[in-house]
Amino acid sequence: ACDYLDQAELMQRFGIDRSAAILSGASASANPGQLTAGLLSVAQARGAEIASPVEITDLAETGDSAALATREGGVLTAEQVVFCTGYEFLPVMESRAHRITSTWALASRPRIARPDWLDRSLVWEASEPYLYFRSARDGRIIAGGEDMDDPEAYRDPARLHAKARRIALKLRNLCGIEIGSPAYVWAAPFGNTSDGLPIIDRVPGFSCAHAVMGFGGNGITFSMIAAQIIAARLSDKRDPDEELFAFR
């Protein structure tokens, strides 16, 4: 369930001066490194074999299976292949609807002064460009946004620090949090699509290769949808929503 907060209630409860907000109880946060390691550990315990590090350079179908060529000259084979590689993909998976975006983020020093409610909340300001922030267990503030539709902008060191200053300023202006000099700043590319919906479909020209890409800023939600659609397809079933995410 969600609650609509008008301007007066938003200011009273959270000290944020905006026209309105949506307050939802269905949110969660996680350490992405620990979460990924945990998922891989469970998969391995269930019989999955992990080949890492490895770079796939080509893909071919051989009868009812797929062969994957590696940078080192080896070949991996599988009955089905699912590419969940974010912004890195083979040329055969290129799509006019898919684009690469640059994004920036920062983490403050520990034990930053902050409102009590932030330790129980995740905040997303749906502006253009957007701003998101939350607190960590050690009292750090993690914030980010300032996306640019430029696949190379994240590589610019000068822009990295300028974007970090901009994020810190927006954080201060929105809710009065002063983080000073960030402890960490970083930038990265990620995949997005022209209509905001991910691509969850077979790779064109292949029957046993699947692409999961273009999540944008909604990876947690879209990854669950992708898992359901791909799992159904691998079980020779059809998900009722699969046409919404067709390769395009």
> So which residues in region 80-94 are modelled with pLDDT of 95 or more and loosely packed, with under 13 Cβ neighbours inside 10 Å, if there are any at all?
Replying inline: none
>> I'd like the full set of residues that are exposed (fewer than 11 other Cβ atoms within 10 Å of the Cβ) and in contact (Cβ under 8 Å) with a residue 40 or more places away in the chain, limited to region 29-72.
In response: 64
> Quick one: which of 233, 165 is assigned to a helix (DSSP H, G or I), outside the structural domain of residue 43 (by TED's automatic domain parsing) and in contact with a helix residue (DSSP H, G or I) (Cβ under 9 Å, 6 or more places away or on another chain)?
Replying inline: 233
> Name the residues in region 168-189 that are surrounded by 18 or more Cβ atoms within 10 Å (Cβ to Cβ) and outside any helix (DSSP H, G or I), would you?
Replying inline: 177, 179, 182, 185, 187, 189
> So which residues in region 95-122 are among the basic types (Lys, Arg) and either in a strand (DSSP E or B) or surrounded by 14 or more Cβ atoms within 10 Å (Cβ to Cβ) (or both), if there are any at all?
Replying inline: 99, 109, 114
> Out of region 25-63, which residues are assigned by TED's automatic domain parsing to the domain that holds residue 220 and either part of a helix (DSSP H, G or I) or in contact with a Cys (Cβ under 7 Å, 6 or more places away or on another chain) (or both)?
Replying inline: 61
> Among 114, 99, which is the only one that is touching a strand residue (DSSP E or B) at 6+ places or on another chain (Cβ under 9 Å), at pLDDT below 95 and basic (Lys, Arg)?
Replying inline: 99
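Do the conditions hold for residue 159, that is, is it modelled with pLDDT under 95, over 25 Å from residue 226 (Cα atoms) and out of contact with any Pro (no Cβ under 9 Å at 6 or more places or on another chain)?
Considered against the rule, which asks whether it is modelled with pLDDT under 95, over 25 Å from residue 226 (Cα atoms) and out of contact with any Pro (no Cβ under 9 Å at 6 or more places or on another chain), residue 159 comes out as no.
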> What single numbered condition from (1) over 30 Å from residue 117 (Cβ atoms); (2) modelled with pLDDT of 95 or more; (3) assigned to a loop (DSSP other than H, G, I, E, B) fails to hold for residue 16?
Replying inline: (1)
> Given the conditions (1) out of contact with any Lys or Arg (no Cβ under 9 Å at 6 or more places or on another chain); (2) modelled with pLDDT under 95; (3) more than 26 Å from residue 228 (Cα to Cα), and given that residue 170 satisfies all but one, which numbered condition is not satisfied?
Replying inline: (2)
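The values are calculated or read from the model by the stated rules, or taken from the named source; none is laboratory data. These figures come from a predicted structure and were not determined experimentally. As a convention, Cβ positions derive from the backbone with ideal geometry for all residues, glycine included, and neighbour counts pool all protein chains shown.
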